[in-house]
Amino acid sequence: DAEHVAHELFTELDEICVKDGKDAEWKETARWLKFEEDVEDGGERWSKPYVATLSLHSLFELRSCIINGSVLLDMRADCIEEIADMVLDHQEASHELDDSVRVKVREALLKRHHHQNEKKKNLIPIVRSIAEGTRKQSEPHLTATEPVKNGAGQDGTQMDLSKVDLHFMKKIPEGAEASNVLVGELDFLERPIVAFIRLSPAVLLTGLTEVPIPTRFLFILLGPDGKAQQYHEIGRSMATIMTDEIFHDVAYKAKDRTDLLAGIDEFLDQVTVLPPGEWDPSIRIEPPKNVPSQEKRKIPGVVNGTACPVEEELHAEHHGPELQRTGRLFGGLILDIKRKAPFYLSDFKDGLSLQCVASFLFLYCACMSPVITFGGLLGEATEGRISAIESLLGASMTGVAYSLFAGQPLTILGSTGPVLVFEKILFKFCKDYKLSYLSLRTCIGLWTALLCLVLVATDASSLVCYITRFTEEAFAALICLIFIYEALEKLFHLGEIYPFNTHTDLDQLTLVYCRCAEPDYPSNKTLEMWSERNITASAVPWVNLTVKECISLQGQFVGTACGHHGPYTPDVLFWSTILFFSTFFMSAFLKQFKTSRYFPTKVRSMISDFAVFLTIVVMVLLDSAIGVPSQKLKVPSKFQPTRDDRGWLISPIGPNPWWTVLAASIPALLCTILIFMDQQITAVIINRKEHKLLKGCGYHLDLLMVGVMLAVCSIMGLPWFVAATVLSISHVNSLKLESESSAPGEQPRFLGIREQRLTGLFIFLLMGCSVFMTGALQFIPMPVLYGVFLYMGVSSLKGIQFFDRLKLFGMPAKHQPDFIYLRHVPLRKVHLFTLTQLTCLVLLWVIKTSPAAIVFPMMVLALVFIRKLLDLCFSKRELSYLDDLMPEWKKKNLDDVMLTTRKEEATTVEIPMERSKPVQSPKAHDPKCDPSEINISDEMSKTTVWKSLSSNQSDSRPVAAKKARPHLSQSLPSIPLCFFFFIEPK
């Protein structure tokens, strides 16, 4: 029912000490949101969050408390006074409390609670004061009519927000409730008072909890003088067990004392014991980066150390509903449209975020340089028929259309190396056979678009399910390595443009010079140029010419300070190197700034989101201030075709013979494979399950948009664009979402990707407008953009399993990380798989960088068949850990497994739990059962510790009380048990 729905819990441990009748108060000593935080001995600060270690003895004592104390479930109360009265009434009814002591105990329970944040409210760091100052001024008080953040009820009193730690409140999830643990010693008590209370509904008890959220649970332990540390450890045990995912649900669902005991026994059954001689319990354990899932504990029949008797989880495969063959013409496309249509408006609303602004600015700068560079290279290869301005227009048109209508708008389109090789070969062919290059190219583009349409109509994109991690990672690793290689290559190329002297005699610096002179042996081309421009060599004042004028007249440089292309300019080259590496390291540093310890969370998050853009701005300002003439980004300043003999529309036939229209279908087949493989492999990488995309994908719709825009670009004589792997991965990485309210010590949880269309839309819109922004863009140094390329290449390598496996070759077994595949696959098999992938990667690299690059898509296609051959060398189980399983048309029958599971469920006592399978309370031990299957409750009763607890309890109980229900003894035993264990179960 609604009253027993589990909520997130914040647990607070308060302690009291009353001696000699002196006035006292409850003091907060520890708190738990997920991990334990203690008030340090000085009392001025909280400790760092850490994993709690508990003594086994204190957990046994806690279990005894639940057995012998008062358990009040679903108590209805509105204030702490009513709760105190009801607890004391229950104690008196059990003959456990004298009337003379009742008043003093009630007064102790109603003492003021002093919280740690009240001490430090005037010592808040100046940075946090600035960040929260405005908020505190606008919300000075929270009254009874104002809603509490977590949806708490009110008790009619005014709450002063100045006593609330607003920074800590942000870490508490919406709808969270409180669990208060109250322990301490009272000198007038003769025996302990123990009560476990669950309120229904939860009530906001003003002043009881550090943060204004409603209280659901209270655990009270008050005992005689002299056992404060013992009570403190029992309180820690109670608070820690309340943070356990399983017991937390049990506490909400429990119907009586037995259910609570079953929950504690299940917790004890899952703990990991640390030997006393090998661990110091005073050492605080750092919270883990990844907390193991507790789903296994929710399955009946799974005990500590045994395997779950169900089928192994199928590893991520690419054959979801979006890749099912429909058997109908355009069936897959229709399903893509139906899948994406409900999210179309939200794709624009979700883009209204500061994170999207940061992503847009970063990727705009990252996309501009390769598009212009590609246009320049294409201009050189085609003698200016397609150049930078055509590249900018084509990228803008294709990108805008794709962002508006594609199935996966997170994909960024760009130019690729194989396309450039194809264009070079085609232009050379046309030049040799005196054909019109642009007309023949248009025919090939239209044929390619038609073939793409056929692939969409026949659901050919369903073949993507055969592209597994093996192929994905080889392709992605290659593109990342090419980005890194080309960034470094472009930096080295600057050394040719801006040379430096490697053998300089510092004593001769006053004698060095470099000036222009008439060439000793001018070439025929130079003489022809002089003749056309009516230049007489002897009349030219060569000595007074500038570098540009000398190069323009094709003079020669003479002197000891001259290189091949002009005077030595070492400052430009070395300054470019500084800009290059500074951009890379600063981008990486600022991107990781979110996890640093400086500034408030929002400031850190904003700096991290804008990391690359901030780096570019800083480097541009620094370059401008230093004044070294580094190479700058060159953007076309006029919106017109590069050559005057071509327009914006190209005839498919033109001056070519008619048969070229039909002959164009042959190279179009190769071009179609190139487009299909580049587009779909990148789409598969973007649509990985680990990205947690919620709006689905559209492989067929993506290919349709690429095909349509390829036809448009062909008719207009513009370059072809297809999905760019590294740019797309960088786009996805820049839009990652993480949980805002993470518990102290807990790593922010990855929630998914901000799926929207605005970033891609604005990137390519602004790219089209770049012609009118030449004045601003000309200040961006090219080495800075090369540094951004290096950063994108390196950052995209993260998460590629291939590189993790590659590192294993140089690691001894004892130093190897705890990867899941190393647990289940022999190391030699892991190395064999890695070597196979490495060989494929080397072959891809050789082909990609050779004149045979046009067949690169065929080699990528061959990877799918190579992966299929691995089935002969590896078992299916091994491949399930090293790679995705290949799709199968028939699945194994799971009837036997399901039948076994149902039998196990029938033999367990179940405690209903929300959204999960039940926790089991083991039944009586069957001597015929496997001896490894124990009953934790029975085994606990056989231990010396438990027998000692029961013995002391029996011996110390008064005769009059023996007829009543047993209670916790006056003197809880102090058996020196030295076992400590983690609270995080297996």
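The values are calculated or read from the model by the stated rules, or taken from the named source; none is laboratory data. Small disclaimer: the values here were computed from a predicted structure and weren't measured. Using ideal geometry, Cβ is built from the backbone for each residue, glycine included, and neighbour counts are taken over all protein chains shown.
Checked against the criterion of being at pLDDT below 85, crowded, with 18+ Cβ neighbours inside 10 Å and in the same structural domain as Glu107 (by TED's automatic domain parsing), region 243-262 contains not a single residue that satisfies it. Put simply, of Arg325, Arg339 the only residue that is part of a loop (DSSP other than H, G, I, E, B) and either closer than 19 Å to Asp459 by Cα or modelled with pLDDT under 80 (or both) is Arg325.
Among the criteria (1) touching a Lys or Arg at 6+ places or on another chain (Cβ under 7 Å); (2) among the hydrophobic types (A, V, I, L, M, F, W, C); (3) farther than 30 Å from Cys79 by Cα, the one Ile264 does not fulfil is (3). Could you say whether any residue in region 636-647 is under 30 Å from Leu703 (Cβ atoms) and exposed (fewer than 15 other Cβ atoms within 10 Å of the Cβ)? Scanning region 636-647, I find at least one residue that is under 30 Å from Leu703 (Cβ atoms) and exposed (fewer than 15 other Cβ atoms within 10 Å of the Cβ), so the answer is yes. Scanning region 760-801 for residues that are within 19 Å of the chain's Cα centre (by Cα) and either farther than 30 Å from Ile578 by Cα or of a type outside the set (Phe, Trp, Tyr) (or both) turns up Met792, Gly793, Val794, Ser795, Ser796, Leu797, Lys798, Gly799, Ile800, Gln801.
If you go through region 562-582 and keep only what is touching a Ser or Thr at 6+ places or on another chain (Cβ under 9 Å) and in a loop (DSSP other than H, G, I, E, B), you end up with Gly563, Tyr568. Summed over region 380-401, the residues that are assigned to a helix (DSSP H, G or I) and among the charged types (D, E, K, R) give a count of 2. For region 566-580, a residue qualifies if it is under 16 Å from Thr502 (Cα atoms) and among the aromatic types (Phe, Trp, Tyr), and the qualifying residues are Tyr568, Phe574.
When the residues of region 648-670 are filtered to those that are surrounded by 12 or more Cβ atoms within 10 Å (Cβ to Cβ) and within 13 Å of Leu426 (Cβ to Cβ), the one that is modelled with the lowest pLDDT is Asn656. Screening Ala84 with (1) of a type in the set (A, V, I, L, M); (2) closer than 15 Å to Thr206 by Cα; (3) surrounded by 14 or more Cβ atoms within 10 Å (Cβ to Cβ); (4) modelled with pLDDT under 85 gives one miss only, at (4).
So which of Leu420, Leu404, Leu377 is more than 21 Å from Ile780 (Cα to Cα), assigned to a helix (DSSP H, G or I) and modelled with pLDDT under 80? Testing whether each residue is more than 21 Å from Ile780 (Cα to Cα), assigned to a helix (DSSP H, G or I) and modelled with pLDDT under 80 leaves just Leu420. Exactly one residue out of Phe580, Phe584, Phe574 is under 30 Å from Pro748 (Cα atoms), not assigned by TED's automatic domain parsing to the domain that holds Tyr513 and not acidic (Asp, Glu), and it is Phe584.
Being under 23 Å from Val784 (Cβ atoms), of a type in the set (Gly, Ala, Ser) and out of contact with any Phe, Trp or Tyr (no Cβ under 7 Å at 6 or more places or on another chain), is that true of even one residue in region 522-537?
no
Of the residues making up region 235-280, those that are farther than 17 Å from Val71 by Cα and in a loop (DSSP other than H, G, I, E, B) are Thr243, Asp244, Val271, Pro275, Trp279, Asp280. Output yes when any residue across region 630-647 is of a type in the set (Gly, Ala, Ser), under 38 Å from the mean Cα position of the chain (by Cα), in a loop (DSSP other than H, G, I, E, B) and modelled with pLDDT of 80 or more, and no when none is. Yes, region 630-647 contains at least one residue that is of a type in the set (Gly, Ala, Ser), under 38 Å from the mean Cα position of the chain (by Cα), in a loop (DSSP other than H, G, I, E, B) and modelled with pLDDT of 80 or more. Screening region 733-833 for helices (runs of 4 or more DSSP H) wholly inside it with 2 or more residues that are surrounded by 15 or more Cβ atoms within 10 Å (Cβ to Cβ) and touching a residue at least 60 places away in the same chain (Cβ under 8 Å) returns the ranges 758-768, 782-797, 801-807. Of the residues Val603, Val543, Val558, the single one that is aliphatic (A, V, I, L, M), surrounded by fewer than 18 Cβ atoms within 10 Å (Cβ to Cβ) and farther than 30 Å from Gln508 by Cβ is Val603. Checking every residue in region 484-492 against the condition of being acidic (Asp, Glu), out of contact with any helix residue (DSSP H, G or I) (no Cβ under 6 Å at 6 or more places or on another chain) and part of a helix (DSSP H, G or I) gives at least one match.
Pairing residues of region 484-505 that are in contact (Cβ under 8 Å) with a residue 12 or more places away in the chain and within 18 Å of Trp845 (Cβ to Cβ) with residues that are assigned to a helix (DSSP H, G or I) and of a type in the set (Gly, Ala, Ser), at Cβ distances under 6 Å and at least 6 apart in sequence or on separate chains, gives Ile484/Gly793. Criterion applied to Lys548, Lys594, Lys525 was being modelled with pLDDT under 80 and assigned to a helix (DSSP H, G or I), and the one residue passing it is Lys594. Scan region 346-367 residue by residue and report those that are surrounded by fewer than 23 Cβ atoms within 10 Å (Cβ to Cβ) and over 21 Å from the mean Cα position of the chain (by Cα). Scanning region 346-367 gives Ser346, Phe348, Lys349, Tyr364, Cys365.
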